[in-house]
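The values are calculated or read from the model by the stated rules, or taken from the named source; none is laboratory data. The model shown is predicted, which means the values in this text are computed figures rather than measured ones. Cβ placement follows ideal geometry from the backbone for every residue including glycine, while neighbour counts extend to all protein chains displayed. Calculation scope for accessible area: heavy atoms of the full protein, side chains included, ligands and nucleic acids excluded. Shrake-Rupley method; radii C 1.70, N 1.55, O 1.52, S 1.80 Å.
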Amino acid sequence: MLSDIVWTIRKFQPDVIINRFDHRTPGTTHGHHTASAMLSVESFDLTNNPTVFPEQLKLVRPWQAKRQFFNTSWWFYGSKEKMDAADKSNLFSFQTGVYYPTLGKSNQEIAALSRSRHQSQGFGSTGSRGEETEYLEFINGEAPKDKFSIFDGIDTTWNRVKGGKPIGELLTIIASKFDFKDPAKSVPSLVKVYSMIQTLDENHWKEIKSDEIKKVIAACSGLYLEAVAENQETTPGALVKLKIEAINRSTIPMLLSSLTTLPNQKNTIQNLTLANNVYQNILLNLQLPETIGYSQPYWLKEKGTVGMYTVPDQKQIGIPESEREVKVVFNVEINGTQIPFERTLVYKYNDDVKGEMYHYLDIVPEVTTSILDKVLLFRNNENKLVAVKIKSGKDNIKGDLQLELPKNWVVYPKSISFSLDKKGTEQTVYFEVTPPKFFEEAIVRSVATVDNKKYDKDQIIIDYNHISKQQVLKPAEAKCIRFDLKTNGEKIGYIMGAGDEVPNSLVQMGYKVMLLDPEEITPEKLENFDVVVTGIRAYNTVQALANKQNILFDFVKNGKTMLVQYNTPGDLVTPNIAPYPMKISRDRVTEENAEVRFLAPNHPVLNSPNKITSKDFEGWKQEQGLYYPNEFDKAFTPILSSNDKGETPKNGALLIAPYGKGYYIYTGLSFLENYQKVF
């Protein structure tokens, strides 16, 4: 991790580094937050030492930032009053509540829009306006003499670049004469700036400023360049049909001299005049190489280690998303200067509601397969039908599918032939699997063979409104578990929360499970169930539960069982999620292999109908549990205790309380990834 931090600093070459968290207070906030600051401080002097991670110096050079700060606030002091009273002699303050007339927004409003894009954790934020002061604590490097300028003593002009002074002088003239009503007047001078940048010695700033000045030229001239693929997905070696659009919306003379397609590096001469506001449409074919890689996040291509991704290509470390290989370079001549404008190939379509929509072109396998149940539970010696979905990546795919399992697992038939006529067509086939006689865990893989080539990837599509559509390719596999399990045939009503796979696992274990619509919960509806289970974060996400608590508690009081999975302490739809007082905290056990101690070893939950032992917690994935209650009524019996190294025992993982004739259970165990383990 330290290597990655050093690499990022050497590559980005910052003058000032600001840490968001305090490196001196590990254990007071999320571990990865504090770790980021600790690593930043540790790396400050290492980045300029050529003996530190010297293998990086083939691609970057040593770099020393001028200074480093910690962005402190009253939160780190405990209260606003404590911060007001604190010694601020080492703090630098500045106003962040700046309003930008050209944007019509303040810093806070822009920040709120940015934060609201972080939708996976519900971080939507309302913008604020007015004065706001931020504080920076000086940590490392050369302290600025000006208390109001963190860049004091740092040359941030073109003078810092060898040969850059005349470029800066010309840009100053361009800015002073800029015509907001006719930006294209600046284009001839901007093109001259581009040419001057190309004469600089190869360095960090040449690449950055070349890209930036091209964007400015295109913006000022209204130059619109686009390359659109006929389809959103294609396969290696395919011929991709392109629609090229080029339009110059200015009076500046331009010539589209040629188009270069990547990665095949084919240059096609055009010599096409781009007249003012005249639309040019060009059809082009692009032959993809057979060796082109599949589209997917670079950090997921290789199997990671505990807590770390595996990225063998040093140049990819730290970039926000995978670099797309398929591109078109528009070689445009302006005022006698040839400027290459690079555009990533996209797929464009019209949505009846949202209008023009874009996706990147994805390179997909010719065929992908998916074992529909990712965890297959085999009770005793029972056989099980295993469903596998086959999807074609191109037209006319024919082949055979096999399931690969250890020899003591029996699969019938040995293989299944398939034929898919059209790209995107899906077919589901079934294998009968017989487990061994005794307990065993095994990985089952589905492998398709087409023209003697094997395909073993499962395609997962991530498609949300707020991010680009992405393809993730993972091994087409699942876990098979043969074990002896006793069940009493209980009927379970399951109330979904934020989403999980627990109901499916319960069905495989032999329980009868029905998903309950929270709005329709009535005493009569619950009569047919023995147990009600609420899904992960149900009391954070299901508003209807606020009005159903009395019905659910009466269900327990009448002799039934209610099991509530973890919720976060904030934004509960009702404060009374349990029939007795209970306070949810942020306590958690992040070490998946932390020792689990049984506080009530004779309790029925650990002994009937199945004996639960410490072995049931082996192979736990991710964190062991989270958001444990740390205060609870004496009616609750804590069953388990565990903790991370160096921390106090956490006893709120599993709490059971009798209520009337039944039992109420609260658990913070992370069944999201481990539902096959302990249920």
Residue count, region 70-94, condition open to solvent by 40 Å² or more (accessible area, probe 1.4 Å), within 30 Å of the chain's Cα centre (by Cα) and of a type in the set (Gly, Ala, Ser), comes to 0
So Lys241, is it surrounded by fewer than 20 Cβ atoms within 10 Å (Cβ to Cβ), part of a helix (DSSP H, G or I) and out of contact with any Ser or Thr (no Cβ under 6 Å at 6 or more places or on another chain): no
Out of (1) among the acidic types (Asp, Glu); (2) part of a loop (DSSP other than H, G, I, E, B); (3) in contact with a Lys or Arg (Cβ under 7 Å, 6 or more places away or on another chain), the one Glu631 does not meet is (2)
Within region 339-349, residues at pLDDT 95 or above, part of a strand (DSSP E or B) and of a type outside the set (Lys, Arg) come out as Ile339, Pro340, Phe341, Glu342, Thr344, Val346, Tyr347
Of the residues in region 623-650, those that are open to solvent by less than 60 Å² (accessible area, probe 1.4 Å) and among the polar types (S, T, N, Q) come to Gln624, Thr637, Ser641, Ser642, Asn643
The correct count of residues that are closer than 21 Å to Gly399 by Cα and not polar (S, T, N, Q) in region 434-460 is 12
Inside region 269-287, the number of residues satisfying the requirement of being surrounded by fewer than 15 Cβ atoms within 10 Å (Cβ to Cβ) and not small (Gly, Ala, Ser) is 10
Hey, does region 562-579 have a residue that's at pLDDT below 95, acidic (Asp, Glu) and over 20 Å from Lys650 (Cα atoms)?
yes
Just checking, does region 544-552 include any residue being assigned to a helix (DSSP H, G or I), surrounded by fewer than 21 Cβ atoms within 10 Å (Cβ to Cβ) and within 32 Å of the chain's Cα centre (by Cα)? yes
Note on region 600-622: residues open to solvent by 80 Å² or more (accessible area, probe 1.4 Å), within 24 Å of Gly646 (Cβ to Cβ) and not polar (S, T, N, Q) are Glu618, Lys621
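The rows are residues; the columns are (1) more than 30 Å from Lys145 (Cα to Cα); (2) touching a helix residue (DSSP H, G or I) at 6+ places or on another chain (Cβ under 8 Å); (3) among the aromatic types (Phe, Trp, Tyr).
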site: Val98; (1), (2), (3): no, yes, no
site: Gln108; (1), (2), (3): no, no, no
site: Gln121; (1), (2), (3): yes, no, no
site: Ser128; (1), (2), (3): yes, yes, no
Scanning region 98-112 for residues that are in a loop (DSSP other than H, G, I, E, B) and open to solvent by 80 Å² or more (accessible area, probe 1.4 Å), the one nearest to Gly130 (Cα to Cα) turns out to be Pro101
Quick count over region 502-525, residues being more than 24 Å from Ala544 (Cα to Cα) and acidic (Asp, Glu), is 0
Among Lys215, Lys177, Lys206, the single one that is open to solvent by less than 60 Å² (accessible area, probe 1.4 Å) and among the basic types (Lys, Arg) is Lys206
Per the filter on region 27-69, residues assigned to a loop (DSSP other than H, G, I, E, B), modelled with pLDDT under 95 and either of a type in the set (Phe, Trp, Tyr) or open to solvent by 80 Å² or more (accessible area, probe 1.4 Å) (or both) are Thr28, Asp45
Scanning region 659-675 for residues that are in contact with a strand residue (DSSP E or B) (Cβ under 8 Å, 6 or more places away or on another chain) and open to solvent by 10 Å² or more (accessible area, probe 1.4 Å), the one modelled with the lowest pLDDT turns out to be Tyr675
>> For the structure I just gave you, tell me whether Leu485 is surrounded by 19 or more Cβ atoms within 10 Å (Cβ to Cβ), modelled with pLDDT under 95, among the aliphatic types (A, V, I, L, M) and more than 28 Å from the chain's Cα centre (by Cα).
In response: no
Scanning region 554-599 residue by residue, those open to solvent by 70 Å² or more (accessible area, probe 1.4 Å) and not in a strand (DSSP E or B) turn out to be Asp554, Lys557, Asn558, Asp571, Pro575, Asn576, Pro581, Asn593, Glu595, Leu599
Taking region 639-674 and keeping residues small (Gly, Ala, Ser) and part of a strand (DSSP E or B) leaves Ser641, Ser642, Ala657, Gly662
Filtering region 154-172 down to residues that are open to solvent by less than 70 Å² (accessible area, probe 1.4 Å), out of contact with any Gly (no Cβ under 9 Å at 6 or more places or on another chain) and either closer than 23 Å to Asp22 by Cα or assigned to a loop (DSSP other than H, G, I, E, B) (or both) yields Ile154, Asp155, Gly163, Gly164
Condition check for Arg20: touching a Ser or Thr at 6+ places or on another chain (Cβ under 8 Å), under 30 Å from Ile208 (Cβ atoms), charged (D, E, K, R) and surrounded by 17 or more Cβ atoms within 10 Å (Cβ to Cβ) = no
Quiz item: Looking at region 136-153, is at least one residue out of contact with any His (no Cβ under 7 Å at 6 or more places or on another chain), surrounded by 15 or more Cβ atoms within 10 Å (Cβ to Cβ) and assigned to a helix (DSSP H, G or I)?
Solution: no
Those residues of region 487-512 that are of a type in the set (A, V, I, L, M, F, W, C) and in a helix (DSSP H, G or I) come to a total of 3
Given the structure, is Ser322 part of a loop (DSSP other than H, G, I, E, B) and modelled with pLDDT of 95 or more? no
Could you tell me whether Ser250 is more than 35 Å from the chain's Cα centre (by Cα), buried (at least 17 other Cβ atoms within 10 Å of the Cβ) and not acidic (Asp, Glu)?
yes
Out of (1) open to solvent by 60 Å² or more (accessible area, probe 1.4 Å); (2) more than 26 Å from the chain's Cα centre (by Cα); (3) acidic (Asp, Glu), the one Glu501 does not meet is (2)
